[in-house]
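The values are calculated or read from the model by the stated rules, or taken from the named source; none is laboratory data. Note that this is a predicted model, so its numbers are computed, not measured. Cβ atoms come from the backbone with ideal geometry, glycine included; neighbour counts cover every protein chain shown.
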Amino acid sequence: MMDLSSIVPVFTRVVGHTQVPVRYADVTLEIGPSSRPVRWLATVGFAPTSRWLFGHFGGLEYFFFALDVHNEQFVLAPHEHLPAAL
């Protein structure tokens, strides 16, 4: 669990022109099986919303991804140029 209370929110306009407070933090992301995980550093935004605010930076540029909005799922398939594990 991260404590984001000291981070000043930045208001971001989303679809429908609603403004959402987003708090950005640097994190290490990890994906993959425990035998060969891939890790990279990324700046991610956290928002108090039940809807997804999904951006294509900070790591997603290393994957093809498909979004299934109806089932609230996504699928990732790695590109060949994944960064080396940290």
For the range 3-15 the number of residues that are exposed (fewer than 10 other Cβ atoms within 10 Å of the Cβ) and either modelled with pLDDT under 85 or under 26 Å from VAL75 (Cα atoms) (or both) is 2
Under 8 Å between Cβ atoms, which residue pairs at least 6 apart in sequence (or on different chains) link something in the range 18-45 that is without any contact (Cβ under 8 Å) to a residue 60 or more places away in the chain with a partner that is basic (Lys, Arg) and surrounded by 13 or more Cβ atoms within 10 Å (Cβ to Cβ)?
THR28/ARG39; LEU29/ARG39; GLU30/ARG39; GLY45/ARG23
If a residue counts only when it is closer than 29 Å to SER5 by Cα, at pLDDT 75 or above and among the basic types (Lys, Arg), which strands (runs of 3 or more DSSP E) contained entirely in the range 16-78 have at least 3 such residues?
none
